[in-house]
Amino acid sequence: DKVTTPPGFKEAYQNFAANGFIAMDVPATYGGSALPVSVTMGATEFFVGSCIAFSMYSGLTRGAGHLIETFGTEDLAQRFVPNMYSGKWGGTMCLTEPQAGSAVGDLTTSAVKEGDYYKIKGNKIFISSGDHDLTENIVHLVLARVEGDPAGTKGISLFVVPKFRVKEDGSLGEWNDVKTVNIEHKMGIKGSSTCTLSFGDNGNCIGYLLGEQRKGMAMMFQMMNEARIACGLQGAAASSAAYESALEYAKVRTQGGKTLIIDYPDVRRMLITMKAYTEGMRALLLYSAYLDDKENVEKDPATKEKYAGRLSLLTPVCKAYCTDMGFRVSELAMQVYGGYGYISEYPVEQYMRDIKISSIYEGTNGIQALDLIGRKIGQKNGEYFRELYEELNGFCGKQAAHPAFKDEVASVKKALDQVGQVTMKFAEWGMGGDILRPQLHAVNYLYNLGDTFVAYLLVDQAIVALAKLEEIWKSQGADNEEKKSKICTENDEARFLEGKVKSARFFVSSILPQVTARAKTILSEDLSALKVRF
Ligand SMILES: Cc1cc2nc3c(=O)[nH]c(=O)nc-3n(C[C@H](O)[C@H](O)[C@H](O)COP(=O)(O)OP(=O)(O)OC[C@H]3O[C@@H](n4cnc5c(N)ncnc54)[C@H](O)[C@@H]3O)c2cc1C
């Protein structure tokens, strides 16, 4: 029995690897390309948007390799990482067990020391890329508990467990007693294998400790945080692909005589909603990539920490906001298509199926929201949050009198104030010993922060776009609305810039008001959800 990927995946993977796309943003030490994260993210959106399932294999390999590179000994890194980055071997992350999903600390996979290595025993479920035919070996990063270590997350260690053992000279040795017991049949990302793996059924599975014993969770968070941003990118990429498909379709489909459906106001509403969300998510993710790059290049430890802190604050927002909104955008794409959208012959039903999992794995979006309110907002006594707040507040102050965008800026400021008000309320509830109410409203809070931040980024972009558009109009002597409109119809760059302005105005007028509604919900006294007898 073996796990076989769809036709074409193997050739595509070899090509992808040969072009150096697996490890674009990691150091060159073991074969990475050391490109900025922002550049990598721009490119990766295309790959992910083309096929989420395919991109899982390379994404997990890069993440696993980078984890070994960061925390492993020189010997361990040399033995595994170059072959992973080159595409010869794959990688996975093995956390989940039947009884330990969101609560990873409940895992029971065990590790017993035997000389230089550990004997691993246990079952992992839902392991993406857990087995496949794309590479000759697969390197699993397995969370397990060394016998005698404490229960919960503080007793967890991290192990490098190859499918086939690797000899001293780097060649492949015997099978390492890692058995694929099952592959899941699922709603989407069907080309990505989701495996149940049994480690050490025959007592012959060896693993190498990565980093320090009992520090497994902290190390795994490097891969998880990267994967959370990658999930957000899946949301943005699926949105982008779904939007582009729906737009193309709306331009050719007629209904009601010769009317193209793109000319119906309701279809236009759906299309601009998709466009605004997609551009907003992309901006949010590129902002996070910029923080990552700054953290990497800054020399001063305090400045480095500032960027790392802000990135960690925004990570749950990138993950949960972009995946939930990505799903909504893909749903709108189906609606634009009408009945054809529901039919497999057209691409959008696949985007919708594929993207749903991103709001579940890597910590469900509910868990992301709890991470945001329970850990991230209060990190370093709330300093990272305050700095973020000040960035937006500063922007609103600076642009308050902007001739073209003062209304939008005022709306962003209002939303920001409401985020601030709710944050204070959460702190008040928390200090009063009420932890259930913040938890009840955590997802709404995350959406509010996401909407407000995205609105800020879109308006900021629109201000730049309008200035450039005015230059084009001026250079072409467009001194009235008719001439300006003609330029925007005929000139691609002008149309793009005008589209940026429209995205921002639409987002602020039609999506941002949800912040007020959610804030009202959060601050209401209604506790029915907690009290209802189901
Ligand atoms: C296709 C696919 C691929 C996957 N790939 C991997 C992989 O590569 N590696 C890996 O290790 N795992 C993987 N997973 C597992 C995935 O990460 C888990 O399914 C996910 O973390 C949720 O765990 P669970 O399914 O046990 O749900 P549960 O933890 O049972 O959650 C069920 C519901 O309860 C909520 N909930 C749980 N705890 C809390 C809480 N404390 N507060 C509030 N709400 C809570 C959740 O938000 C959710 O809505 C994959 C899963 C799938 C389906």
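What ranking, highest mean first, results for peptides 85-95, 159-169, 461-471 when packing means the other Cβ atoms within 10 Å averaged over each residue?
Ranked by mean Cβ neighbours within 10 Å, highest first: 85-95, 159-169, 461-471.
Helix-derived [θ] at 222 nm for the chain: sum -39500 (n - 2.57) over DSSP H runs of at least 4, divide by residue count, nearest 500?
-19000 deg cm²/dmol
Find the accessible area per residue for the stretch 1-102; the probe is 1.4 Å, ligands and nucleic acids are left out, and the unit is Å². Walk me through the intermediate numbers first.
Numbers: 4330 Å² over 102 residues.
Using a 1.4 Å probe on heavy atoms only, each residue of the stretch 1-102 averages 42 Å².
Quick one: pull the percent of accessible area on the stretch 219-372 belonging to carbon and sulfur, 1.4 Å probe, ligands and nucleic acids left out.
Exposed carbon and sulfur together represent 57 percent of the surface.
Give the peptides 366-378, 228-240, 18-30 in descending order of average Cβ contacts within 10 Å, highest first.
Packing order, densest peptide first, comes out as 228-240, 366-378, 18-30.
Going by alpha carbons, how many degrees (0 to 90, nearest 10) lie between the helix axis of 301-337 and the longest principal axis of the chain?
70 degrees
Helix 514-523: angle to the longest alpha-carbon principal axis of the chain, degrees 0 to 90, nearest 10?
So the inclination is approximately 60 degrees.
Using alpha-carbon pairs under 8 Å, 6+ residues apart, how would you state the relative contact order of the stretch 172-212 in percent?
Reported as a whole number, the value is 45 percent.
Solvent-accessible area per residue for the stretch 219-372 at a 1.4 Å probe radius, Å²?
Result: 39 Å² per residue.
Give me the accessible area per residue for the stretch 402-459, probe 1.4 Å, as a whole number in Å².
Solvent-accessible surface per residue comes out at 40 Å².
Tilt of helix 481-490 relative to the longest C-alpha principal axis of the chain, in degrees (0 to 90, nearest 10)?
Value to nearest ten degrees: 30.
Over the Cα atoms of the stretch 318-438, each weighted equally, I'd like the Debye log10 I(q)/I(0) at q = 0.11, 0.17, 0.19 Å⁻¹, rounded to two decimals.
Ignoring solvent entirely, the Cα scatterers give -0.60, -0.98, -1.03.
What does the C-alpha gyration tensor say about the overall shape of the stretch 1-83? Classify as rounded when a/c is under 1.5, otherwise prolate if a/b is larger than b/c, or oblate.
Note, shape of the stretch 1-83 comes out oblate.
Relative contact order of the stretch 9-214, please, whole-number percent, based on alpha carbon pairs below 8 angstrom and at least 6 residues apart. Present the calculation step by step, with values, prior to reporting the outcome.
Values: 434 pairs, mean separation 41.9, N = 206.
Relative contact order comes out at 20 percent.
Can you tell me the dipole magnitude for the chain around its Cα centre, using point charges on the Cβ only (Lys, Arg +1; Asp, Glu -1), in Debye to the nearest 20? Kindly include the intermediate steps, with their values, before the conclusion.
Numbers: 59 positive and 64 negative charges, 207 e Å.
Charge dipole of the chain: 1000 debye, to the nearest 20.
Just want to confirm a number: the relative contact order over the chain, from Cα pairs under 8 angstrom separated by 6+ residues, in percent.
It rounds to 12 percent for the chain.
Which peptide among 310-321, 441-452, 2-13, 35-46 comes first, and what is the full order, when sorted by highest mean count of other Cβ atoms within 10 Å? All intermediate terms of the calculation are to be shown ahead of the outcome.
Details: 310-321: 25.6, 441-452: 23.3, 2-13: 14.0, 35-46: 18.4.
Ranked from most to least packed, the peptides come out as 310-321, 441-452, 35-46, 2-13.
Answer rounded, prolate or oblate for the stretch 74-146, using the Cα gyration tensor with square roots of eigenvalues a ≥ b ≥ c: rounded when a/c is under 1.5, else prolate when a/b is larger than b/c, else oblate. Working shown, then result.
Details: a/c = 2.46, a/b = 1.33, b/c = 1.85.
It comes out oblate by the Cα gyration axes.
Per residue, how big is the convex hull of the chain when only Cα atoms are used? Give it in Å³.
So the per-residue hull volume is 187 Å³.
How much accessible surface area, in Å² rounded to 10, belongs to the heavy atoms of Asp263 with a 1.4 Å probe?
90 Å²
With 23 Å as the limit, write out which pairs from Lys319/Lys398; Lys124/Lys190; Lys294/Lys502; Lys121/Lys376; Lys413/Lys502; Lys414/Lys484 have Cα-Cα distances beyond it, or answer none.
Beyond 23 Å: Lys319/Lys398; Lys294/Lys502; Lys121/Lys376; Lys414/Lys484.
Take the alpha carbon atoms of the stretch 44-115, find their center, do the same for the stretch 130-192, and report the distance between the two centers in whole angstrom.
Rounded to whole Å, the Cα centres lie 8 Å apart.
Just to confirm my numbers, what's the Cα centroid distance between the stretch 322-373 and the stretch 1-21 in Å?
25 Å
Round to a whole number: what % of the accessible area of the stretch 9-214 belongs to carbon and sulfur, probe 1.4 Å?
For the stretch 9-214, the apolar C and S fraction of the accessible surface comes to 54 percent.
With viscosity set to 0.692 mPa s at 37 °C, what whole-number translational diffusion coefficient in µm²/s follows for the stretch 70-202 from Stokes-Einstein and a Kirkwood radius over Cα pairs?
Values: Rh = 15.4 Å.
Once the numbers are plugged in, D ends up at 213 µm²/s.
The values are calculated or read from the model by the stated rules, or taken from the named source; none is laboratory data. Remember, it's a predicted structure, so these values are computed and weren't measured experimentally. Note: ideal-geometry Cβ built from the backbone for every residue, glycine included; neighbour counts use all protein chains shown. Only protein heavy atoms, including side chains, enter the accessible area calculation; ligands, DNA and RNA are left aside. Shrake-Rupley method; radii C 1.70, N 1.55, O 1.52, S 1.80 Å.
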